[in-house]
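Trainee: Here you go, one structure.
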Amino acid sequence: MPRPLKQATTADMFAAARMFYRERKNKKEISDALRTDTRGVTWLLNEAERNGVVRIQIYETAKSNLEQRIRTKHPHLERAMIVSGPQIRTEEQCDDMFHRFGALAADYFEELFESHPRDKPFHVGVTGGERLLEFANAVPVRFRENVHVHVVALVGRGRLGESASHVEPNVAASILWSHCGSFPGHCEYETVEPYRIDKSPGPEAREAATLELMRLKKLPSIKAVIQDMDRLDAVFAGFGFLDGTGTSQAIKNRITMGSLLKSVVTREQLAREGAVGDFCYCPFDADGDCPPDKDWQFFMTAGHYSKYRGIGFYKRMVETGKKVVGFGGPHLLPVIRAALKGKIVNVLILDEYTAQQLADGA
């Protein structure tokens, strides 16, 4: 009789989990395939759950109905993943929500990976922030030789203020890349310098930022990295707000790119111009658009060398059936409504309180 396995490798855990949960094989069939006994299969399945390779989710009817109501209002939306719980009011609640967002996103990433042909590259884009960090950390470690990770916005950041908080996009990208096997050449980003603008936020500072973008655009290495993003199959990114009325300053600092632009433009200035939020460091208005007459491009982002720049890049991805995953957060209802109106994303991860408002609203 075969002896139980003494060590659970990632490959064995995935093989056992795939055969048991997806292929519906019994433990005797799995034990024959893995050359162990049924005790070894049970042990592998338990280890797979303990190590995050498998997550058992019980979908509540109420939550499923809530998702269906949201998708009925927004037919282009393919998935709405909802974290249960009350309205987020404290940093501790925010931490827990971000952690659960990450777990849901990691499950969805694994689903996309499993359905993607192994002989074709799977190009995934990410941005920065705590929600993306939680996502990258939650992705189980295993070899995924066809995964290529891209940073969809090249953000130069200087020293942040004491109250500001920002996780660099290349941090999330590097962690995701390492969890997929750290294959050479499969993580693409370019380091850029922070803005060095000796002016108050306003027209002159924005003109200086525009000149800096023009300089960066001419660099061959920047162009190569940005143009490679045209191959993206999926993007994972968080929404940010520009107003945040009623939000504590501590939470506000965690869901905004305002601290990165403090030398160029303030959130208040952008809000007066009609911007309500941002996605992948690209501001958009209440219609989910970035009008051509608005000077709202502050970083080198995906699509910069094409006719689909800024927010237009993600709209184009949605139009062509690629996956654009948006992470919500507390007090982001107006931002999410605008993004859905403009069809910026087709997959949404949000908290139950916001989901209920989204389903009930006009």
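The values are calculated or read from the model by the stated rules, or taken from the named source; none is laboratory data. The model shown is predicted, which means the values in this text are computed figures rather than measured ones. Here Cβ is always computed from backbone atoms with ideal geometry, including for glycine, and neighbour counts include all displayed protein chains.
Trainee: Does region 220-235 contain any residue that is part of a loop (DSSP other than H, G, I, E, B), modelled with pLDDT of 90 or more and closer than 26 Å to residue 261 by Cα?
Mentor: No, region 220-235 has no match at all.
Trainee: Follow-up. Which pairs have Cβ atoms under 6 Å, sit 6 or more apart or on different chains, and link a residue in region 287-299 that is assigned by TED's automatic domain parsing to the domain that holds residue 339 to one that is surrounded by fewer than 16 Cβ atoms within 10 Å (Cβ to Cβ) and not aromatic (Phe, Trp, Tyr)?
Mentor: Between residues of region 287-299 that are assigned by TED's automatic domain parsing to the domain that holds residue 339 and residues that are surrounded by fewer than 16 Cβ atoms within 10 Å (Cβ to Cβ) and not aromatic (Phe, Trp, Tyr), the close pairs are 287/341; 288/341.
Trainee: Of these, 121, 169, which one is surrounded by 13 or more Cβ atoms within 10 Å (Cβ to Cβ), closer than 28 Å to residue 311 by Cβ and in contact with a Gly (Cβ under 8 Å, 6 or more places away or on another chain)?
Mentor: 169
Trainee: A further question follows. Output the qualifying pairs, or none if there are none: Cβ atoms under 8 angstrom, residues six or more apart or on different chains, first residue in region 69-96 and under 21 Å from residue 337 (Cα atoms), second residue among the aromatic types (Phe, Trp, Tyr) and not in a loop (DSSP other than H, G, I, E, B).
Mentor: Matching pairs, first to second residue: 79/108; 81/108; 83/101; 85/353; 86/353; 87/353; 88/353.
Trainee: Continuing with the same structure: Please go through region 34-54 and pick out each residue that is of a type in the set (A, V, I, L, M, F, W, C) and in a loop (DSSP other than H, G, I, E, B).
Mentor: Within region 34-54, 53, 54 meet the criteria.
Trainee: Can you list the strands (runs of 3 or more DSSP E) lying wholly within region 72-170 that have 3 or more residues being assigned by TED's automatic domain parsing to the domain that holds residue 298, within 30 Å of residue 196 (Cβ to Cβ) and touching a helix residue (DSSP H, G or I) at 6+ places or on another chain (Cβ under 9 Å)?
Mentor: Fully inside region 72-170 and qualifying: 147-151.
Trainee: Taking the condition under 14 Å from residue 299 (Cα atoms), in the same structural domain as residue 302 (by TED's automatic domain parsing) and assigned to a loop (DSSP other than H, G, I, E, B), does residue 191 pass?
Mentor: yes
Trainee: Take the conditions touching a residue at least 12 places away in the same chain (Cβ under 8 Å) and either surrounded by fewer than 23 Cβ atoms within 10 Å (Cβ to Cβ) or outside any helix (DSSP H, G or I) (or both) and apply them to residue 336. Does it pass?
Mentor: When the stated conditions are applied, residue 336 does not pass them.
Trainee: Residues in region 269-302 that are touching a Gly at 6+ places or on another chain (Cβ under 9 Å), modelled with pLDDT under 90 and of a type in the set (D, E, K, R): how many?
Mentor: 1
Trainee: Where residues in region 236-247 are outside any loop (DSSP other than H, G, I, E, B) and modelled with pLDDT under 90, which of them is nearest to residue 124 (Cα to Cα)?
Mentor: Among residues in region 236-247 that are outside any loop (DSSP other than H, G, I, E, B) and modelled with pLDDT under 90, the one nearest to residue 124 (Cα to Cα) is 240.
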